[in-house]
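The values are calculated or read from the model by the stated rules, or taken from the named source; none is laboratory data. Note that this is a predicted model, so its numbers are computed, not measured. All Cβ positions, glycine included, derive from the backbone under ideal geometry; neighbour counts span all protein chains shown. All accessible areas refer to the heavy atoms of the entire protein, side chains included, with ligands and DNA or RNA removed. Shrake-Rupley method; radii C 1.70, N 1.55, O 1.52, S 1.80 Å.
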Amino acid sequence: MKKISLIGAGQIGGTLAHLIGTKEVADEVVLFDVASGIAKGKALDIAQSSSVDGFNVKFSGTDNYEDIKDSDVIIITAGVPRKPGMSRDDLLGINLKIIKQVAEGIKKNAPNAFVICITNPLDVMVMAFQKFSGLPANKVVGMAGILDSSRFKLFLSLELNVPVKEIEAMVMGGHGDTMVPLPRFTKVSGKPLLDLVKEGKISPERLEEINQRTRDGGAEIVKYLEKGSAFYAPAASGVQMAEAYLKDEKKLLPCAVHLNGEYGVSNVYAGVPVIIGKDGVEKIEQIDLDEKEKKEFMHSIDAVKALWEAASKIDPDLS
Ligand code: APR
């Protein structure tokens, strides 16, 4: 019997619950939210959809942390999303306080869970969660790379008129304006993307526009929605990570993890390719970045470090 608890039952939390249900990723889903009515209402609504769609999953809503006991996986989306004109970093102060409360609740009630953080600013929030909770770093990960890669893949598929499934791609670094799409490691129907550039199927300028649209992928959606940020693709990405852990898939996925010397970086959370299986982060893959990619990656790490400094000033428990 597998149990997933969702801390935050807003746009992403509700979508996560529905996806986990329809895909039967777990046997039980607990939606936790300070706004308990939202958690309870969504749990009931999704449970009622199971009679239509025929999935067999138990749903409940709560604002009591004791209900998350014995969770196998916890996905955190508690926090405030951005509004048009805001960067993810603008959410730092408010979401840091929320993550501290969440860390206390999880530490006390479900310290053995595999925890996936989605709350922004992602890399700093997941790192703060790990520090506040003291949970082992291999069981605390951030969801960003799968989402950023999914955006990169979609934009390439639209440009090249190729199904998304035919595209393999990876985005590394922090989940912010400095993230690093990696065209050199991208394949289209098994063929290196850079070969398509050489053949004139896509110009270097167009490719750079796609890299930039990927970096701005979240903001593009915030601008349309006006009242919140993306939730379908973030939820789908979170479910993929939960499944990799619960089913011991040993899948290679870009995730925000604690770096301990890998890529020449220590004591920072950032997006890199990792193997996720029953032990959480089982391996950090070190891909061979060229000088330009390394420079961009380190620039992104510097941005995460600067925001971490700001977080440590807000909450001295982090320093
Ligand atoms: N504990 C639990 N839940 C909380 C807390 C808390 N301390 N504070 C706020 N929440 C809940 C809110 O009540 C709300 O239902 O978190 C939920 C957040 O949902 P939305 O506002 O719909 O935001 P969502 O789009 O789901 O995004 C959540 O993920 O991608 C990031 O940037 C995004 O930081 C944001 C987070």
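Can residue 66 be described as over 28 Å from residue 148 (Cβ atoms), more than 11 Å from the ligand (Cβ to nearest atom), in contact with a helix residue (DSSP H, G or I) (Cβ under 8 Å, 6 or more places away or on another chain) and not hydroxyl-bearing (Ser, Thr, Tyr)?
It is true that residue 66 is over 28 Å from residue 148 (Cβ atoms), more than 11 Å from the ligand (Cβ to nearest atom), in contact with a helix residue (DSSP H, G or I) (Cβ under 8 Å, 6 or more places away or on another chain) and not hydroxyl-bearing (Ser, Thr, Tyr).
Can you tell me which residues in the range 18-38 are within 8 Å of the ligand (Cβ to nearest atom) and touching a strand residue (DSSP E or B) at 6+ places or on another chain (Cβ under 7 Å)?
32
Look through the range 1-17, keep the residues that are out of contact with any strand residue (DSSP E or B) (no Cβ under 6 Å at 6 or more places or on another chain) and within 11 Å of the ligand (Cβ to nearest atom), and return whichever of them is most open to solvent (accessible area, probe 1.4 Å).
11
Could you grab me the full set of residues in the range 39-58 that are open to solvent by 30 Å² or more (accessible area, probe 1.4 Å), away from the ligand (no atom under 16 Å from the Cβ) and in contact with an Asp or Glu (Cβ under 9 Å, 6 or more places away or on another chain)?
56, 58
Just to check your reading of the model, which residue among 190, 200, 228 is within 10 Å of the ligand (Cβ to nearest atom) and over 22 Å from residue 173 (Cα atoms)?
The unique qualifying residue is 228.
Scan the range 195-225 residue by residue and report those that are open to solvent by 80 Å² or more (accessible area, probe 1.4 Å) and touching a residue at least 40 places away in the same chain (Cβ under 8 Å).
Matches in the range 195-225: 201, 206, 213, 223.
Between 281, 239, 268, 222, which is under 25 Å from residue 92 (Cα atoms) and away from the ligand (no atom under 16 Å from the Cβ)?
268
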